[in-house]
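Only one structure is covered here, and it is reproduced in the block below.
Read-outs: derived from the displayed coordinates by stated rules, not from any lab. Every value quoted in this text rests on a predicted model; they were computed, and no experiment measured them. Here the Cβ is made from the backbone with ideal geometry for all residues, glycine too, and neighbour counts use every protein chain on show.
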Amino acid sequence: MKKIINVLVDESNLSQNALVGISLESEFDVNVISLDLYDLDSNHDLLQGLEGLLLVLLSPMTFSLYRGKLYQELVSNKKIESFELLRDTMYGRIAKWSYCGENTKTSLSSKVGLMTYVGANSIIGSNSSVGNFCWIGNNVTISPGVVIGNNVTIHDGVVIGSSARIGKFNEVRNSIEPNSNLSSKAIETDFYGSTAYIHGL
Amino acid sequence: MFSTVGKVMQILDYARYYKPSFFDQENEKLFSKLWVYGCSVADLPKTNTYFLAKMPFGEIIISRDGDKFHAFHNKCLHRGHPVVTKLRGESNFACPYHQWCYAKNGGLTHIPGDEEFYLTNKEEYTFERLQPVALKRLGDFIFINASKSPIRIEDQFDSNIIENLEKTKDMLSVVSISLSINLKFNWKLIFENLRDPLHPMYLHPTSLTQEVDFYATQNKPIINHEPIRNLIEISNFSRDGDLRNMTAPYKEDFIQCDSGENYLNWLLFPFTHIPCPDGGVLYSVENYVPISAENTRFDLSLFITKSIGKTSPIAVLYDWLMKAKIVLSEDFDAVCALQERIKQSDQMQNLGVFEQQNYRINNFLDTYIYEKNN
């Protein structure tokens, strides 16, 4: 009998595409749960009633406030286990409720934070670290020595040059030169190509 | 030729949305004469800081000196060079051109080589100051008026507007998010959209209307065709609907300036919109600054009240930005599409009865601002 795996998704295209891409059916009975993260209270009973393995495939749209709240919900349920795909290409440390896609390779001494999604065919270089609640797309290269803060989104195909620093909350659409420093006080957005600035931190 | 549908209140000539002559009159008779939003107290987090407000009538420095605030033109008394170029900073004002120095209140304090090169001395120029601009603080929001004889702010905004803004006094956190976008539409079009009580139902069916039960879709409009006689009739504060989720989990971790039950909405003529979508914690200041007849700069500032719990204010603000950009994009796409077609078409727009406030404001502009021979 196959083991049940619960997969948390939201309604975004990113989340739904990630779900299509992971092909778990051959190994597990997949129980897909679509969450309304803006109304987590109504999901409380559902989340506390879960048992077995759990995989989180939530889009970056919901990665800041509500992912933090969701994390609190999940850790308080002792009947569920975090699920990380233990492929033979995973050499780094992957924290709870995070996921790395097909053919993605994490190098020695690399780290992936809590509840972070990494798509397929990506590379996380040695001595690199990816923060909590991040979304790393498909075919992304994170070169050695890179540090990525919490709540960062990196879109498909981006190459982050070695030893670059990406501050929290950034949304990275274009490749980043080695040794660059993307401040956490300036966030690129897809809102008419604007940059949002954080003040007062 | 143009067609009319339903009971039409007014046929509007499109020229007001793209002809520079209309814009010039608006700038001369409206923007530089009225109170406009300058910045928030949160933009001036401590004494000795300034904020540069870029307005159609010029750049205005707003500076803080303890609990006092000053506003003056960003134009050196020497040659008119900008005294500051950055949007925010510390108020050590020294014009980069010849280092004329100014105090926090805009007073001229020092001219390098004054006696040698300018044949003057400190006693002679110490009373000179950068051209002042009137300033009024309403709650934690600062308004400015560039007119040499400004009207009373109470003659522009009614007591409902002022009292509800005053509730934010000393309540806003210094943590905020801001962005600016140049948009290709006339500033009036976006406000006509914002005053249109039906548009959320059709333009935001999967975004904003999922969060707010708008009263406008439940109640029949009160018909008012009377011409506007006072400025005070143009701006308003309203509670536009009940929030579907009044108990969002972050709210208990922040000071609440209102009951938390309604979508709060300030529409401040000429070009400021302040929605508070969660009823008293998050304040979004949308300044649609007119740049030309066909261009508007959208300055968005997201503010949150002071924290009294563990939730990170920046996480709430960021999450809100993600939601707001969806609603705003829906509005901007629609209004950009209107602007694009305005010059291409020989049609004129016809306003329905429910758009009575837009009709009344256009009538007001025709009567008091635009000359007949545009």
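Computed over the stretch B:35-156, the range of Cα coordinates on each principal axis works out to 48, 29, 25 Å, biggest value leading.
Where in chain B are the helices, taken as whole DSSP H runs, whose Cα atoms extend 24 angstrom or more along the long axis and whose Kyte-Doolittle mean reaches at least 0.0? Provide the component values of the computation, followed by the final result.
On the way: long enough: B:313-342 (42 Å, 0.59).
For chain B, where a helix must reach 24 Å along its axis and average at least 0.0, the hits are B:313-342.
Using the Cα gyration tensor of the stretch A:3-82, with a ≥ b ≥ c the square roots of its eigenvalues, what is the shape: rounded (a/c below 1.5), prolate (a/b larger than b/c) or oblate (neither)? Before the final figure, lay out each step's value.
Values: a/c = 2.03, a/b = 1.12, b/c = 1.81.
Here the stretch A:3-82 falls in the oblate category.
Comparing B:117, B:69, B:332 in a Gaussian network model of chain B, where Cα atoms under 10 Å apart are tied by springs, the biggest mean-square fluctuation is seen for B:117.
With a ≥ b ≥ c taken as the square roots of the eigenvalues of the C-alpha gyration tensor of the stretch B:69-117, please select rounded if a/c is under 1.5 and otherwise prolate if a/b is larger than b/c or oblate if it is not? Please list the in-between numbers first.
Values: a/c = 1.98, a/b = 1.62, b/c = 1.22.
Since a/c reaches 1.5 and a/b is larger than b/c, the shape of the stretch B:69-117 is classed as prolate.
Need one number: nm distance between label points at residue B:13 and residue A:46, each 7 Å from Cα along Cα→Cβ, rounded to one decimal. For residue B:13 paired with residue A:46, the spin-label model returns 5.7 nm.
Quick one: dipole size for the protein assembly as shown, taken about the Cα centre, charges +1 on Lys/Arg Cβ and -1 on Asp/Glu Cβ, in debye to the nearest 20.
So the magnitude is around 940 debye.
The distance linking the stretch A:113-163 with the stretch B:243-277 is 36 Å (Cα centroid to Cα centroid, whole angstrom). Tell me, for chain B, which Cys residues have no other cysteine's C-beta sitting closer than 4.7 Å. Among the cysteines of chain B, those whose Cβ sits 4.7 Å or more from every other are B:39, B:101, B:257, B:276, B:336.
Taking a ≥ b ≥ c as the square roots of the Cα gyration tensor eigenvalues, the stretch B:205-256 comes out oblate, since a/c reaches at least 1.5 and a/b does not exceed b/c.
Placing unit charges on each Cβ (+1 for Lys and Arg, -1 for Asp and Glu) gives the stretch A:3-82 a dipole about its Cα centre, and among A:20, A:9, A:70 the Cα reaching farthest toward its positive end belongs to A:70. Cβ crowding within 10 Å ranks A:93, B:195, B:64 as A:93, B:195, B:64, fewest other Cβ atoms first.
Dipole size of chain B about its Cα centre, with +1 on Lys/Arg Cβ and -1 on Asp/Glu Cβ: approximately 300 debye, rounded to the nearest 20.
Suppose a student asked you for the relative contact order of the stretch A:86-193, using Cα pairs under 8 Å spaced at least 6 residues apart; what percent would you report? Can you show the working numbers first?
Numbers: 346 pairs, mean separation 17.4, N = 108.
Relative contact order, the stretch A:86-193: 16 percent.
Give, rounded to the nearest 20 debye, the magnitude of the charge dipole that chain A has about its Cα centre when Lys and Arg contribute +1 at Cβ and Asp and Glu contribute -1 at Cβ.
Values: 15 positive and 20 negative charges, 164 e Å.
That gives chain A a dipole magnitude of about 780 debye.
Note on the protein assembly as shown: dipole from Cβ charges, positive end direction compared against A:95, B:66, A:119; the farthest Cα belongs to B:66.
Modelled this way, with points 7 Å down the Cα-to-C-beta line, the labels at residue B:92 and residue B:131 are 2.9 nm from one another.
Please report the spacing between the Cα centers of the stretch B:117-140 and the stretch B:33-77 in Å, no decimals. Taking the Cα centre of each part, the stretch B:117-140 and the stretch B:33-77 sit 14 Å apart. Three principal axis extents describe the C-alpha atoms of the stretch A:86-193; from largest down they are 40, 24, 21 Å. With the largest listed first and rounded to whole Å, the semi-axes of the equivalent ellipsoid of chain B from the Cα gyration tensor are 37, 28, 17. For the options A:117, A:71, A:99, a Gaussian network treatment of chain A with springs between C-alpha atoms closer than 10 Å singles out A:71 as fluctuating the most.
Highest mobility in the GNM of chain B, judged by mean-square fluctuation with C-alpha springs under 10 Å and restricted to B:184, B:86, B:136, is found for B:86.
Ranked by Cβ crowding within 10 angstrom, fewest neighbours first, how are A:112, B:353, B:281 ordered?
Values: A:112 29, B:353 13, B:281 26.
Fewest-to-most Cβ neighbours within 10 Å comes out as B:353, B:281, A:112.
Rounded to the nearest 0.05, what FRET efficiency do residue A:4 and residue A:181 give with R0 = 41 Å and r taken as the Cβ-Cβ distance? Could you check? Using R0 = 41 Å, I get an efficiency of 0.40. Only helices enter this figure: runs of n ≥ 4 DSSP H residues, each worth -39500 (n - 2.57), summed and divided by the residues of the protein assembly as shown, yield -5500 deg cm²/dmol at 222 nm to the nearest 500. Could you tell me which of B:214, B:198, B:224 has its Cα farthest along the dipole of the stretch B:192-241 towards the positive end, charges placed at Cβ (Lys, Arg +1; Asp, Glu -1), taken about the Cα centre? Among B:214, B:198, B:224, the one farthest towards the positive end of the dipole of the stretch B:192-241 is B:224. Rounded to the nearest 0.05, the FRET efficiency derived from the C-beta distance between residue A:121 and residue B:343 at R0 = 56 Å is 0.75.
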